[in-house]
Amino acid sequence: MNDSEAQNWSARQSSELYGVEEWGGGYFGVNADGNVEVRAPGNGDRVAVALTDIIDGLQQRGLDMPVLLRIENLVDSRITILNESFAEAIKTTGYQGQYRGAFPIKVNQQSHIVEEIARFGERYNHGLEAGSKAELMIAMSVLQNRESLIVCNGYKDEEFIDLGLQARKLGFKCIFVLETLAEVRLVIERSRAHKVDPIIGVRLKLSTKVEGHWAEDSGDRSLFGLTTNQLVEIIDELREAELLHCLELLHFHLGSQIPNIRSIRAGVLEACRYYIEMVAEGAPLRYIDLGGGLAIDYDGTSSVSGHSRNYSVQEYCVDVVEALAQQLNAHNLPHPTIVTESGRATVAHTSVLLFNVLDVGHFEPGPVPSDLPENMHEQISNLWYTLKAINVDKLQESYNDVIYYRDQVRDCFFRGEVNLRDRAFAENLCLAGLQQIVALLPKMKRIPPELEELPEQLADIYYGNFSVFQSLPDSWAINQVFPVMPIHRLNEKPSRQATIADLTCDCDGKLDSFAGPEGETKTLSLHSIKEGEEYYLGVFLVGAYQETLGDLHNLFGDTNVASVRINADGTLDFVHELHGDSIADVLSYVEYDPQSMFRQFRMAAEQAVRDGRISVSERQSMLAAYSESLRGYTYFER
Ligand SMILES: *Cc1c(COP(=O)(O)O)cnc(C)c1O
């Protein structure tokens, strides 16, 4: 491709190529200068800030790549959308109850996120869901509002229950969702001891099954929730203990990222059957809690396949409210408060992982001479003639021959019949041949399966300054696809096809599956990197589940984190910055003592001075460098 072709390309074409308007949820887009911008609600219209401007600001503040960037007001926007959409659906349906959100802390426990949700969510009485004692303690400390719910899921020991009962005494609407029979006995006993009535919920195991990665959270084999039998026993025990009046909430959770709206509706309908029966048993139910599952569109396809969903937040709310109203009206039952524990849909958009590209590995051949050098081994000349004969009508045959003669040459090298330089010559011929074949592939009517994978095998490898294991664990663990794209140079046509490797020396430390408008692809279009100029990529929608699941593979620690807020007038505030782990930090996580390591190093240096291997001043500068490294960032620094 020549320069004029590169220039004959618009930001809009990049926007379509990477599908950013599809997966960006309205928060991300490409501006006319060819930069990715973040959009936020402003005074009247939307305001936008380019990610490159944010990076400049971070660098001025000493925060290097990689950086996890949080855009605080996107969380606010998501909470608004969720609450307003439920309010709208409730109004249009004539539903008599209210909506109460509860953000599940496990989805992003970082204090700035949870505190922002509590602060901004207060206007909607948006509460929190806690799955452990630690999370309950967070909820009790950050929620200012006593109307908001604290929903306690998960297995609860005596201490957990005591803590929740104390929250009740302080006026919190703290609800114990029972998951086992043993829990009900503990709750009865502890509430008697504390002389306070608990608010009790039950988590049901529904038979509605959902598709997607979390299919196993639903159905009979689901790990969580009470069977119908156990529910009956709990009702009996509560009645016996004269606490049935405390059973106010019915809970179910079908799994995360539910792709199909039909399963959500089916789940609500099934839950309604239990609701009606439980009321008939004498439980004064007031809340129905749908758990999580509200999905987001990671690949921009708006489909039930892959990493997407076939519904919007608005449609979700309308379907839930309608299904409930329909069922309960038929039985003349009052409408309960609708609770959802949406985690992913609340925080995924808020975080972007930004990193620079350190190097590119090419599978580009060097020049091939027009005449075969003299005295080449027979198999090498066979390979050379094969190359000369490549044509579009017999690509598979040419491919077979290239691979055959390449292997012959390798065998000859093994036996000592081909020397190092001739082998290198042959490998270059082979690469040139394969690239010729790839270039001709688009001209074929039907590409044979063996050749289909060739472009991917010859794609560039872009080495990124990040760790998949630390920053994108779901990409490695469950093949979650996140949108990835360059954040600048988008009015230039990207001329390379590439996969992305991280800094770890692990063959799983890579991104090689990408979401695109035409479905998943194995390579990503990228620009060639320019000497002396950074090339930045962003991985988007990483605000849910990625931060605390990450691990220290190869001792790459937490990245730098920055929170920004885009003000309604379009100005930018840098509200928080947090330096990532230093090398000393990660070493101490695995029980090394950086101080004694330094002492050992100093002793080795002193010994070298005594032995006359280094001078005293060399010793000094070595010690300074070692100590500097201990304080330094675990990622690549320029
Ligand atoms: C994980 C979890 C959630 C959050 O689900 P999302 O799909 O992220 O909204 C909600 N409730 C329970 C009980 C969970 O385990």
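The values are calculated or read from the model by the stated rules, or taken from the named source; none is laboratory data. The structure presented is a predicted model; accordingly, all values stated were derived computationally and were not measured. Here the Cβ is made from the backbone with ideal geometry for all residues, glycine too, and neighbour counts use every protein chain on show.
Points to keep in mind about this one:
- Qualifying positions in segment 284-297 - of a type outside the set (Val, Ile, Thr) and either crowded, with 22+ Cβ neighbours inside 10 Å or out of contact with any His (no Cβ under 7 Å at 6 or more places or on another chain) (or both): 285, 286, 287, 289, 290, 291, 292, 293, 294, 295, 297
- Some residue of segment 475-495 being crowded, with 17+ Cβ neighbours inside 10 Å, in contact with a Lys or Arg (Cβ under 8 Å, 6 or more places away or on another chain) and more than 21 Å from residue 50 (Cβ to Cβ): no
- The number of residues in segment 605-638 that are hydrophobic (A, V, I, L, M, F, W, C) and loosely packed, with under 13 Cβ neighbours inside 10 Å comes to 3.
- Any hit, segment 334-342, residues being under 26 Å from the mean Cα position of the chain (by Cα), assigned to a loop (DSSP other than H, G, I, E, B) and within 16 Å of the ligand (Cβ to nearest atom): yes
- Selection status of residue 285, on the phi < 0 side of the Ramachandran plot, hydrophobic (A, V, I, L, M, F, W, C) and touching a strand residue (DSSP E or B) at 6+ places or on another chain (Cβ under 9 Å): yes
- Residues considered: 403, 390. Of these, the only one that is assigned to a loop (DSSP other than H, G, I, E, B) and closer than 23 Å to residue 443 by Cα is 390.
- Of residues in segment 136-164 being within 14 Å of the ligand (Cβ to nearest atom) and surrounded by fewer than 21 Cβ atoms within 10 Å (Cβ to Cβ), the one farthest from residue 250 (Cα to Cα): 155
- Residue pairs whose Cβ atoms lie under 9 Å apart, sitting 6 or more positions apart in sequence or on different chains, and linking a residue in segment 337-348 that is without any contact (Cβ under 8 Å) to a residue 60 or more places away in the chain to a partner that is within 8 Å of the ligand (Cβ to nearest atom) and assigned to a helix (DSSP H, G or I), do not occur here.
- If the condition is being more than 16 Å from the ligand (Cβ to nearest atom) and assigned to a loop (DSSP other than H, G, I, E, B), then segment 311-333 contributes 331, 332, 333.
- Annotation note: Cβ proximity below 9 Å between a residue of segment 254-276 that is away from the ligand (no atom under 14 Å from the Cβ) and a residue that is in a helix (DSSP H, G or I) and among the β-branched types (Val, Ile, Thr) (sequence gap 6+ or interchain) occurs for 265/320; 268/320; 274/228.
- The set of residues from segment 566-586 being hydrophobic (A, V, I, L, M, F, W, C) and in a strand (DSSP E or B) comprises 566, 572, 574, 575, 578.
- Filtered by the rule that a residue be over 21 Å from residue 349 (Cβ atoms) and either small (Gly, Ala, Ser) or touching a Pro at 6+ places or on another chain (Cβ under 8 Å) (or both), segment 534-572 gives 535, 551, 557.
- Failed criterion for residue 443 (all others in (1) at pLDDT 95 or above; (2) surrounded by fewer than 16 Cβ atoms within 10 Å (Cβ to Cβ); (3) over 25 Å from residue 361 (Cα atoms) hold): (1)
- Take the conditions (1) closer than 30 Å to residue 468 by Cβ; (2) free of Cβ contacts under 8 Å to residues at least 60 places away in the same chain; residue 61 misses just one of them, which is (2).
- Filter result for residue 563 (among the polar types (S, T, N, Q) and part of a strand (DSSP E or B)): yes
- Within segment 9-63, considering residues that are in a helix (DSSP H, G or I), more than 19 Å from residue 350 (Cβ to Cβ) and of a type in the set (Gly, Ala, Ser), the one nearest to the chain's Cα centre (by Cα): 15
- Within segment 288-304, if we keep just the residues that are assigned to a loop (DSSP other than H, G, I, E, B), out of contact with any Asp or Glu (no Cβ under 8 Å at 6 or more places or on another chain) and of a type in the set (A, V, I, L, M, F, W, C), the residue that is farthest from the ligand (Cβ to nearest atom) turns out to be 296.
- Exactly one residue out of 193, 167, 182 is under 26 Å from residue 270 (Cα atoms), small (Gly, Ala, Ser) and more than 13 Å from the ligand (Cβ to nearest atom): that is 182.
- The residue that is modelled with the lowest pLDDT, counting only those in segment 481-491 that are part of a loop (DSSP other than H, G, I, E, B), touching a Phe, Trp or Tyr at 6+ places or on another chain (Cβ under 7 Å) and closer than 19 Å to residue 354 by Cβ, is 481.
- Applying the criterion of being assigned to a loop (DSSP other than H, G, I, E, B) and within 16 Å of the ligand (Cβ to nearest atom) to the residues of segment 499-551, the residue that is farthest from residue 54 (Cα to Cα) is 545.
- Number of residues in segment 196-217 that are loosely packed, with under 14 Cβ neighbours inside 10 Å and either of a type in the set (Asp, Glu) or within 13 Å of the ligand (Cβ to nearest atom) (or both) equals 2.
- Once segment 552-574 is narrowed to residues that are surrounded by fewer than 17 Cβ atoms within 10 Å (Cβ to Cβ) and charged (D, E, K, R), the residue that is farthest from the ligand (Cβ to nearest atom) is 569.
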